[in-house]
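> Structure incoming, see below.
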Amino acid sequence: QVQVVESGGGRVQPGGFLRLSCVASGSISSINAMNWYRQAPEKEREWVAGISSRGAINYADSVKGRFTISRDNAETTVYLQMNNLEPEDTAVYSCNVLPGGSRQFYWGQGTQVTVSS
């Protein structure tokens, strides 16, 4: 059993910043990949950023240069530092985790980010 919990969402003004956290726990010996996704109202879910077990990092073009993904030394927590937030970043942000040796991704419930003046 794997649990994934996101936190850190909230409401900020345009130009502001937030730091999201995603903690994976449970029957995990290692993690192959962790990704952030977001879904705005009436829009498809979109991938935002990802980090692999080897530290390879990728970003969606829409957030490149503003968002930074990182992980802790235990590699069970991934962060998403979001700077210079725009109203278009408003969405529910979710994290998924691919445990080592598994083909199944596990999702958290998500955390709401609202960017509004």
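The values are calculated or read from the model by the stated rules, or taken from the named source; none is laboratory data. Bear in mind the structure is a predicted one, so any value in this text is a computation, not a measurement. When we count neighbours, we look across all protein chains shown, and the Cβ atoms used for this are built from the backbone with ideal geometry, even at glycine. What goes into the accessible areas is simple: the full protein's heavy atoms, side chains included, and nothing from ligands, DNA or RNA. Shrake-Rupley method; radii C 1.70, N 1.55, O 1.52, S 1.80 Å.
> Within segment 19-47, which residues are part of a strand (DSSP E or B) and in contact with a helix residue (DSSP H, G or I) (Cβ under 9 Å, 6 or more places away or on another chain)?
ARG38
> Go through segment 1-16 and count every residue that is outside any strand (DSSP E or B) and open to solvent by less than 30 Å² (accessible area, probe 1.4 Å).
1
> Determine the pairs where a residue that is closer than 14 Å to TRP47 by Cα, located within segment 61-90, has a partner that is of a type in the set (Lys, Arg) and open to solvent by 40 Å² or more (accessible area, probe 1.4 Å) with Cβ atoms under 8 Å apart, the partner being 6 or more residues away or on another chain.
LEU80/ARG19
> Might you let me know whether segment 45-63 holds any residue that is touching a Phe, Trp or Tyr at 6+ places or on another chain (Cβ under 7 Å), acidic (Asp, Glu) and modelled with pLDDT of 95 or more?
Within segment 45-63, one or more residues are touching a Phe, Trp or Tyr at 6+ places or on another chain (Cβ under 7 Å), acidic (Asp, Glu) and modelled with pLDDT of 95 or more.
> Among the residues of segment 17-28, write down those that are under 17 Å from THR111 (Cα atoms), in contact (Cβ under 8 Å) with a residue 60 or more places away in the chain and either within 10 Å of the chain's Cα centre (by Cα) or surrounded by 13 or more Cβ atoms within 10 Å (Cβ to Cβ) (or both).
LEU18, ARG19, LEU20, CYS22, ALA24
> Ok, one more. For the list (1) at pLDDT 95 or above; (2) open to solvent by less than 50 Å² (accessible area, probe 1.4 Å); (3) of a type outside the set (S, T, N, Q), I need the number of the one condition that ILE31 fails.
(1)
> Give segment 43-76 a look and list any residue that's closer than 14 Å to SER30 by Cβ and either touching a His at 6+ places or on another chain (Cβ under 6 Å) or surrounded by 13 or more Cβ atoms within 10 Å (Cβ to Cβ) (or both), or say none.
ILE51, SER52, SER53, ARG71, GLU75, THR76
> For GLU88, work out the one condition from (1) modelled with pLDDT under 95; (2) open to solvent by 50 Å² or more (accessible area, probe 1.4 Å); (3) more than 14 Å from the chain's Cα centre (by Cα) it doesn't fulfil.
Single failed check for GLU88: (1).
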